[in-house]
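J.: I'd like to ask you about the structure that follows.
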Amino acid sequence: MWNVRMNINFFNSTGKITALFVLGLLLITSNVFSQNNTSSPYSYFGLGERMQNINGNSAAMGGVSYGYKRGDVLNLSNPASLSSIDSLKFHFNIGTTFKFSKLNQGDKSDHFNDFNLSRIAFGFKVSPRYGTALSISPYSSLGYEINKRDEILGDSRSVIRSLLGSGGLNQFVWSNGVQLSKDLSLGVNGIYLFGNNTRSEDVVIEGGASTVYRGKTELISKGLYFNLALQYERTFGDYKINFGGMYQPNIGVDAKRITSVSVSNSAAIKFEDEDRGTFDVPESFGAGFGLNKGKHFWFGGDYTHEKWKGTRIFDEVTDLVNRDKFSLGMEYNANDGYARKFLKKMTYRMGGFYDTGYIKVGGNNIDSYGLSLGLGIPMAQQKGMLNIALEFGSTGTLSNNMVREDFTRITIDFNLFETWFVKRKYQ
Amino acid sequence: MRKLITILFVSVLGFFTSCNSDTFQEHEIGDNLIDKSTEVHLIDTFTVQSATVKLDSVLTSGYPDISRPYTNILFGGYHDDHFGDVTSEFYTTLSLGGAFEMVADINNKKNIPLQFDSLVFIGFPDTRYYGDTLQEQTISFHKLNKEIYLPNGQKGFYGHHTIANDDVAFGSSAFYLKPRKQSVEIKTIGDKAIPEIERKRDGLRLRIADAFGQDIVNRVNSNDDTLHNIFKWRKFFNGMVLKPGSGNSVMFSFKLGDPGMKLRLYFTYSGSKKGYHDFPVVISRNRSSESTLPYYNFSNFISDKTSTPQDLGRIVEETEELKSEETDNLAFIQGGIGFYAKVKIPYVENLNNLGVTGGVLKSELIFYPLEGSFDNSIFRLPSSAISVYVTNRDNNRVAALTDSRGSALSAVYNNYTEHKNEGYYSIDLTSYVNGILTNGQDFEDGLLIGFSYENIGNTFDRMIIENDPGSDFRIRLKTTYVVQN
C-alpha cells in the first residue's frame, strides 16, 4: 500500500509504546498515586477545574495553538495540523504537569503541590495528506477538601461539615487531520469522555460524637463528543501566516449519577439512587493565527469562546457562565541547523493568557491570567525534543472574601520520534 | 540515550509524585464558597407516649437460672407514698451444717450431754438499703410446712412464689438496721484474733425464742439421728421464711456465702464449758448426686398498691399497659415487683419526609424523675443501672437496646445542672432511630425502661418518670437530624 519498507524497529517500538500508553492510562485515570490534579476549592463548581489540554510548546506560549503547525509537534487542539506532521516518523508525546499553588483568602493562606500526568499521545502519518493521533489526557479535576463549622438549627452546638471532592474526567481522543488543498486542512477530534467526579459531604457533631453522616454523589461519565477544526495557510515571501479555527457543538455526554447517603452507625446505606442521563459539553468555537518569519520566528494568538451558560447536568441548568480565553505567544528557534553551542540549539518561547473562567461565585467571575516562559531542548540524533514550560498565574480574586490562587505550573513534555517508515536505497 | 530518557522520565515522575500534597490536609480556605447540600436541625417536638407495664414473673433466686444464684437476698419492707406497701419475705432451706452430736469424753465416746444456752440468728447486711433506718424493724422466723422444690422445667423461683408455713413463728426479734456498721466482720482486736465463739458484736445478731433450740438440744442428747443425717434433718426442718413486720420501714440486702446467714445454737457442757453449732443458709444449688440435697433460697415480693394515688394495682397482666394519661402523666419503674416504663415514639418515621433523605447524627431520649418523688436519704434515685429493652405490642423484651457496635446501652444520669432537682436521664437512641428510619417500626413498638433482666429480682430501687405533655420536664426525644436537600 505504502511505497515504503518498515524498519525492524517498528516491532520494538510498538511494544514499548503500548506499554507506555497503558502505564499512562493507569496513571491518568486511576488513583495509583492517590493524587489530586488540583487543590482548588473552585474545582467544586461545574465539572471541576478544567485542565489545559495542550502540549509543552503551547503551554510555554500562553496556550496558543490554533494557528500552530510544526512537523515535529502533535498539536491536538487543532487536529487539522496533523495533516502536516513529519511523515517518516512515529511521534510520541508525554507530558507531566507540576503545579505549586498558594491559596489566599483574607489574611489566611495555604500551600499545595499537585502533580499530574497531563497527557500521553502518539501519532503518525497514514498517507501524505492524512495524519492521525491517539491521546489521553485529563479533562477536568476535582480536588477540594474543606472543613467548616456550621450551626445546628435549634441548638447551641455546632456541626463540622467536611466537603470533599475527588476524581475527575478524562478524555480519550482520536485526532485526525486531512489536507484538502495546498492551503487548507481540516481536522476532527472524536472524544470519549470518561471518569468519575466524586463529591461528598460529611457531617458530624462537633466534639467527639461518633456518628458520621455522609452524602455522596458520583458523576460517572461514559460518553462521546467531538469537535472540528481547520487550518488555512498562506505564504507571503518570507512570511507565512496560518489561520486556525475550531468548532464544537453542544453535546450531551452520556453519564450515570449515583447519589447515596449513609450514616456511620447503621450498616445499611440509607438512600441510593442511580440516574442515567447526560451532561453537556458546551458549544465552543475558537479562532487563532500564527505568523512565521523565516525559520526562526513564530508569533501567534488565540481566542476561544465556550458557551457554558445554560448547559445542563442531568436536566438541571447549571449556573455556569460563558468562558472566553485569550492567548498570545511567540517562539524563537535559535537553531539554524548547524549550531554547535548548546544554547544555540534551543527554542525559546514566551506568552500570556487571560481566561474568564466558566464559573461565577457570589457574583464574581473566577478568572485567571498568567505569563509563561519555556524552552525546547533538542535531543541528540534528532530523537526528539524536551519542552519545558513555566507558567506564573493567578485565579480568582481576594475581594468579597473570595479565594485567589497564585500558581506556578511547570510542564515537562517529551516529544519523541521513532523513524518508522524508511525506504532504504541499499539493502 | 533512550535508556537515559527512560531513567530521566521515571525519576521526574517519582520526584513529582512524592511531592504531592497530602490529600487529607485540613484547611478552611474557601469554606464560604461552597454550598452545602444539607441542613442540620435539632428536633425535640416528637410525641413521646409512655405507659407502665408489669412483668408477670421476676426471678428472685438467680438469673437466668438456679445455676447462677444471687449471692445476696432482699428482705424487709417499706411504705412508699407512690408505690404503696412493699415487702420482701425470704424463703430458704437450712443446712444441718454437719452432724450435731454430744461432746466426746476422754474415751472419745460422744456421751457428754449438752445444756441449751441460746439460739441466735446471724446475718450480715451488705450496705444497700431502701427506706428509713431510724425506726425499729421486726423480723419473725416461720417453719415451712412443705419442702422447697423446683418444679420440672422451671428456671428458678419467682417473686410471687410462696410456700405454706406456720402462722406461729418459732422466733422473732426487733432491731435497728445499721447497714454499714453491721456489714463488717470483726474478727480481730488489734493483732489478736477473736475466737468465733466470742464474736458477739458484728453483723446483725438476734436472739430468738428458746423453744426451738431446746428441742434440738433434747434431740441431740437423746441421740436422735435427725441431727446426724441430712435427709432426716431436711424432713424435720423443711426450711424457713423470714418475714418483716408490718410496720417495717426499710428494705435491705443480706449477704449470702461468706460471711453468710445462719442460725447458731450456743450450748454448755461439763459444767461451764461452752460450744456452739451453726445451721447455715447455703446459696441455692441444685442437687448434684444421690447423696446430696438441693438448697434453695428466694425472695417473695408483696406489694399492696390498692391505696396508691394512681391506683397502680390496676395492672395485672404483662401484656397490659397502663397509659401515663391514666396515671397523672407518670410512668413507673420498680425492681422486684417488675414495673417498667414503656416509651413509644410513634411518629419518628416522619423524619423520612424531610428533604430527599437524611440521617440521624444523634438522638437522645431525655427524661426527668418526678420532682418530689425522691430525696437524698430515704427514697433515693436508683443506684442500679437503668437498662433499656426494645419491646413490642405484648411488652416482650425483644432485645437489649444496643449501639451500632452491639454494646448494650443504659440510661445515663446527668446531674451537672445548677439546680439540684433538674438532673435528668438520657439514653442514646441514635442507632435505634436510624434503624427505624431505615426499616420502619410497628405502631406498638417501643422501649422498656427499667432494671436489667439480670437484676430486677434483686433490686428494690424505684423511680417515677414525669411525662406531662405541657411540662418542660416531659419525656423528649432530642434528635439532631441532617436533612439532605
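J.: Among the numbered criteria (1) within 9 Å of chain B (Cβ to nearest Cβ); (2) within 30 Å of B:Ser431 (Cα to Cα); (3) without any contact (Cβ under 8 Å) to a residue 60 or more places away in the chain, which single criterion is violated by A:Ser166?
T.: (3)
J.: For the range A:229-274, give me the residue count where each residue is hydrophobic (A, V, I, L, M, F, W, C), out of contact with any helix residue (DSSP H, G or I) (no Cβ under 7 Å at 6 or more places or on another chain) and surrounded by 15 or more Cβ atoms within 10 Å (Cβ to Cβ). Break it down stepwise before answering.
T.: So the first thing to find is which residues in the range A:229-274 are hydrophobic (A, V, I, L, M, F, W, C), and the list is A:229-230, A:236, A:241, A:243, A:246, A:251, A:253, A:255, A:258, A:261, A:263, A:267-269, A:271.
Next cut, out of contact with any helix residue (DSSP H, G or I) (no Cβ under 7 Å at 6 or more places or on another chain) only: A:236, A:241, A:243, A:246, A:251, A:253, A:255, A:258, A:261, A:267, A:269, A:271.
Remaining after also requiring surrounded by 15 or more Cβ atoms within 10 Å (Cβ to Cβ): A:241, A:243, A:246, A:251, A:253, A:255, A:258, A:261, A:271.
Number of matching residues: 9.
J.: Residue by residue through the range B:351-372, note down the ones that are of a type in the set (S, T, N, Q) and free of Cβ contacts under 8 Å to residues at least 12 places away in the same chain.
T.: B:Asn353
J.: While we're on this one: Look through the range B:430-485, keep the residues that are in contact with a Pro (Cβ under 7 Å, 6 or more places away or on another chain) and in a loop (DSSP other than H, G, I, E, B), and return whichever of them is nearest to the other protein chains (Cβ to nearest Cβ).
T.: Step by step, filter the range B:430-485, then rank; the result is B:Phe443.
J.: Here are the criteria: (1) under 20 Å from B:Ser61 (Cα atoms); (2) buried (at least 19 other Cβ atoms within 10 Å of the Cβ); (3) of a type outside the set (Ser, Thr, Tyr). Tell me which single one B:His277 does not satisfy.
T.: So B:His277 meets the others, but not (1).
J.: Check whether at least one residue in the range A:216-223 is farther than 17 Å from A:Gln171 by Cβ and free of Cβ contacts under 8 Å to residues at least 40 places away in the same chain, and report yes or no.
T.: no
J.: Considering only the range B:352-401, give the strands (runs of 3 or more DSSP E) lying wholly within it that have at least 1 residues that are within 13 Å of chain A (Cβ to nearest Cβ), touching a Gly at 6+ places or on another chain (Cβ under 9 Å) and of a type in the set (Gly, Ala, Ser).
T.: So the answer is B:357-367.
J.: So which of A:Leu371, A:Leu328, A:Leu398, A:Leu390 ends up being surrounded by fewer than 16 Cβ atoms within 10 Å (Cβ to Cβ), among the aliphatic types (A, V, I, L, M), under 16 Å from A:Gln52 (Cα atoms) and touching a strand residue (DSSP E or B) at 6+ places or on another chain (Cβ under 8 Å)?
T.: None of the other options fit; the residue is A:Leu371.
J.: Among the residues of the range B:143-153, which ones are polar (S, T, N, Q) and modelled with pLDDT of 90 or more?
T.: B:Asn145
J.: Pairs, please: C-beta under 8 Å, at least 6 apart or cross-chain, first residue farther than 14 Å from B:Asn32 by Cβ and surrounded by fewer than 16 Cβ atoms within 10 Å (Cβ to Cβ) and in the range A:103-116, second among the aliphatic types (A, V, I, L, M) and modelled with pLDDT under 90?
T.: A:Ser109/B:Ile29
J.: When you check A:Thr235 against the structure, is it in contact (Cβ under 8 Å) with a residue 12 or more places away in the chain and polar (S, T, N, Q), yes or no? Let's see the steps before the verdict.
T.: Details: in contact (Cβ under 8 Å) with a residue 12 or more places away in the chain: no; polar (S, T, N, Q): yes.
Against the criterion (in contact (Cβ under 8 Å) with a residue 12 or more places away in the chain and polar (S, T, N, Q)), A:Thr235 does not qualify.
J.: If a residue must be away from chain A (no Cβ under 14 Å) and in a strand (DSSP E or B), how many such residues does the range B:38-55 contain?
T.: Result for the range B:38-55: 6.
J.: Ok, one more. Are any of the residues in the range B:197-217 among the small types (Gly, Ala, Ser) and touching a helix residue (DSSP H, G or I) at 6+ places or on another chain (Cβ under 7 Å)? It would help to see each step written out before you state the result.
T.: Narrowing the range B:197-217 to residues among the small types (Gly, Ala, Ser): B:203, B:209, B:211, B:213.
Still in the running and touching a helix residue (DSSP H, G or I) at 6+ places or on another chain (Cβ under 7 Å): B:203.
Taking every residue of the range B:197-217 in turn, at least one turns out to be among the small types (Gly, Ala, Ser) and touching a helix residue (DSSP H, G or I) at 6+ places or on another chain (Cβ under 7 Å).
J.: Any idea which of A:Ser284, A:Ser327 is within 22 Å of the chain's Cα centre (by Cα), at pLDDT 95 or above and farther than 20 Å from A:Leu390 by Cβ?
T.: Answer to the check: A:Ser284.
J.: Moving on to the next point. Would you confirm, using the coordinates I've provided, whether B:Ser88 is farther than 30 Å from B:Gly335 by Cβ, assigned to a strand (DSSP E or B) and within 40 Å of the chain's Cα centre (by Cα)?
T.: no
J.: From the list B:Ala385, B:Ala400, exactly one residue is farther than 25 Å from A:Ile152 by Cβ and modelled with pLDDT under 90. Which is it?
T.: On the way: B:Ala400 fails: modelled with pLDDT under 90.
Sole residue among the options that is farther than 25 Å from A:Ile152 by Cβ and modelled with pLDDT under 90: B:Ala385.
J.: crowded, with 19+ Cβ neighbours inside 10 Å and either under 24 Å from the mean Cα position of the chain (by Cα) or not assigned by TED's automatic domain parsing to the domain that holds B:Glu89 (or both), is that true of B:Gly245?
T.: On the way: crowded, with 19+ Cβ neighbours inside 10 Å: no; either under 24 Å from the mean Cα position of the chain (by Cα) or not assigned by TED's automatic domain parsing to the domain that holds B:Glu89 (or both): yes.
No; evaluated as a whole, the condition is false for this residue.
J.: Could you tell me which numbered condition A:Leu142 fails, if it satisfies all but one of (1) touching a residue at least 60 places away in the same chain (Cβ under 8 Å); (2) within 23 Å of A:Met385 (Cβ to Cβ)?
T.: (2)
J.: While we're on this one: Could you go through the range A:76-86 and let me know if any residue there is modelled with pLDDT under 90, surrounded by fewer than 24 Cβ atoms within 10 Å (Cβ to Cβ) and in contact with a Ser or Thr (Cβ under 6 Å, 6 or more places away or on another chain).
T.: Among the residues of the range A:76-86, not one is modelled with pLDDT under 90, surrounded by fewer than 24 Cβ atoms within 10 Å (Cβ to Cβ) and in contact with a Ser or Thr (Cβ under 6 Å, 6 or more places away or on another chain), which makes the answer no.
J.: Would you check which residues across the range B:437-465 are under 30 Å from B:Leu354 (Cβ atoms), at pLDDT 90 or above and of a type in the set (Gly, Ala, Ser) and list them?
T.: Result: B:Gly446, single match.
J.: Now a separate question. Within the range B:320-341, identify whether any single residue is under 16 Å from B:Gly435 (Cα atoms) and over 22 Å from the mean Cα position of the chain (by Cα), and answer yes or no. Step through it out loud before you land on a result.
T.: Just the residues of the range B:320-341 that are under 16 Å from B:Gly435 (Cα atoms), to begin with: none.
Scanning the range B:320-341 turns up no residue that is under 16 Å from B:Gly435 (Cα atoms) and over 22 Å from the mean Cα position of the chain (by Cα).
J.: Within the range B:144-154, does at least one residue satisfy the condition of being within 27 Å of B:Asp258 (Cβ to Cβ), surrounded by 16 or more Cβ atoms within 10 Å (Cβ to Cβ) and under 17 Å from the mean Cα position of the chain (by Cα)? It would help to see each step written out before you state the result.
T.: Taking the range B:144-154 and keeping what is within 27 Å of B:Asp258 (Cβ to Cβ), we get B:144, B:147-150.
Restricting the remaining residues to those that are surrounded by 16 or more Cβ atoms within 10 Å (Cβ to Cβ) gives B:144, B:148, B:150.
Remaining after also requiring under 17 Å from the mean Cα position of the chain (by Cα): none.
There is no residue in the range B:144-154 that is within 27 Å of B:Asp258 (Cβ to Cβ), surrounded by 16 or more Cβ atoms within 10 Å (Cβ to Cβ) and under 17 Å from the mean Cα position of the chain (by Cα).
J.: Can I ask one more? Right, A:Leu47: at pLDDT 90 or above, more than 14 Å from chain B (Cβ to nearest Cβ) and assigned to a loop (DSSP other than H, G, I, E, B) or not? Walk me through how you get there before you give the answer.
T.: Numbers: at pLDDT 90 or above: yes; more than 14 Å from chain B (Cβ to nearest Cβ): yes; assigned to a loop (DSSP other than H, G, I, E, B): yes.
Judged against the criteria, A:Leu47 is a match.
J.: For the list (1) more than 18 Å from B:Gly97 (Cβ to Cβ); (2) in a helix (DSSP H, G or I), I need the number of the one condition that B:Glu290 fails.
T.: Among (1) more than 18 Å from B:Gly97 (Cβ to Cβ); (2) in a helix (DSSP H, G or I), the lone unmet condition for B:Glu290 is (2).
The values are calculated or read from the model by the stated rules, or taken from the named source; none is laboratory data. This structure is a prediction, so every number in the text was calculated from the model and none was measured. Quick reminder, even Gly has a Cβ in these numbers, built from the backbone with ideal geometry, and neighbours come from all protein chains shown.
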